[in-house]
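*Asks:* Questions regarding the structure given below will be posed in turn.
Derivation of every value follows stated rules applied to the coordinates shown; laboratory data play no part. Remember, predicted model here, so these are calculated numbers, not experimental data. Every residue, glycine as well, gets a Cβ built from its backbone with ideal geometry; the counts of neighbours run over all protein chains shown.
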Amino acid sequence: MKKKLIAANWKMNGSLQANEALTRGLIAGLGAPTCEVALCVPAVYLAQMQDLLSDGTMSLGAQDISEHEAGAYTGEISTTMLREFGVRYVIVGHSERRQYHAESDALVARKVQRALAGGITPIVCVGETLAQREAGQTVEVVKRQLAAVIHANGHCISEIVVAYEPVWAIGTGKTASAEQAQQVHAVLRLQLQAATAHAERVPIVYGGSMNAANAAELLAQADIDGGLVGGASLKVQDFLSIVSCAAQ
Ligand code: 13P
């Protein structure tokens with residue numbers, strides 16, 4: 001069985017002091033985890049986190065990248081820069097960026113290309129809004145979002161991580177049921193299978209109010225290969241509990 005991936009998305013949270021306390025707490029509680037654990041942190045803390053994660057127990061991740069390699073793009077951060085800080089993963093196309101920064105499917109696909117070319121694993125987020133779910137468009141929406149990434153990246157698609165994050169479940173305390181999540185993950189797996197012979201290798205992780213109480217059931221589903229955890233990743237015990245569910 002392939003190792004599960006539990007990635008924390010700290011979003012725009014943290015401080016030098018809080019990051020250190022949280023990370024030291026996690027390292028003390030993790031021991032030698034049997035799943036992959038990554039912390040996706042605000043870019044300004046990458047240097048601090050590179051240092052704190054130097055023992056290699058957890059991997060370092062960022063929350064966004066530029067589609068460009070370098071140049072006159074004020075405020076943007078390149079893959080090459082992230083690499084200098086030991087970044088292994090980058091979240092791309094999170095719904096908060098699609099919503100608040102108008103990131104299109106095409107832009108997300110180009111960012112994925114840039115990450116792959118720079119040797120960083122993109123965690124590509126897809127997911128439907130509540131209105132889209134209620135209109136019966138869930139499958140159509142997630143397939144369209146993933147199709148753009150597949151189209152732009154060809155056989156390299158086997159090197160990505162996909163995160164299914166139903167927008168209505170993010171930060172709301174409403175989790176997709178294990179069945180609802182598994183159904184969408186199975187659709188995404190089939191779509192990947194049509195694009196690459198190595199679809200089994202692509203982790204498809206779930207995100208959206210994953211917590212210590214619901215993680216075990218979600219992670220027990222056939223096509224759920226891990227989690228992308230927001231709020232619960234900011235609390236040592238909650239995040240450790242989720243990791244321990246994935247390590248079984
Ligand atoms: P919550 O776990 O806070 O719902 O956030 C999920 C998420 O958006 C992770 O990227």
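*Asks:* Can you give the relative contact order of the chain as a percent, counting alpha carbon pairs under 8 Å and 6+ residues apart?
*Replies:* Contact order relative to length: 21 percent.
*Asks:* Given the rule -39500 (n - 2.57) for each run of at least 4 DSSP H residues, summed and divided by the residues of the chain, what is its mean residue ellipticity at 222 nm, to the nearest 500 deg cm²/dmol?
*Replies:* Helix contribution divided over all residues of the chain: -12000 deg cm²/dmol.
*Asks:* Sorting Arg201, Arg110 on the 10 Å Cβ count, fewest up front, what's the list?
*Replies:* Arg201, Arg110
*Asks:* Could I ask something else about it? So if I take the alpha carbon set of the stretch 118-248, get Rg, then get Rh from the Kirkwood formula, what is the Rg over Rh ratio?
*Replies:* 0.96
*Asks:* Under a point spin-label approximation (7 Å from Cα along Cα-to-Cβ), what is the Gln137-His101 distance to one decimal in nm?
*Replies:* 2.4 nm
*Asks:* Pop the C-beta distance of His198 and Arg144 into the FRET formula with R0 = 30 Å and round what comes out to the nearest 0.05.
*Replies:* 0.85
*Asks:* Give me Met81, Met49 sorted ascending by neighbouring Cβ count inside 10 Å, so fewest comes first.
*Replies:* Met81, Met49
*Asks:* Something else: Which residue, Leu16, Leu218, Leu228, tops the fluctuation ranking in a GNM of the chain built on C-alpha contacts under 10 Å?
*Replies:* Leu16
*Asks:* Let me ask another. For the stretch 190-248 and the stretch 5-43, compute the distance between their C-alpha centroids and round to whole Å.
*Replies:* Answer, in whole Å: 16.
*Asks:* Which distance in nm do the two modelled labels at Glu20 and Tyr73 give, with both placed 7 Å along the Cα-to-Cβ direction?
*Replies:* 3.3 nm
*Asks:* Top mean-square fluctuation among Ser158, Ser95, Ser104, Gaussian network model of the chain, C-alpha springs under 10 Å?
*Replies:* Ser104
*Asks:* Same structure again: So what are the ³J(HN,Hα) numbers for the stretch 195-209, from phi and the Karplus equation (6.51, -1.76, 1.60; θ = phi - 60°), rounded to whole Hz, Gly and Pro as x?
*Replies:* 9, 8, 6, 10, 4, 5, 7, 7, x, 10, 9, 9, x, x, 6
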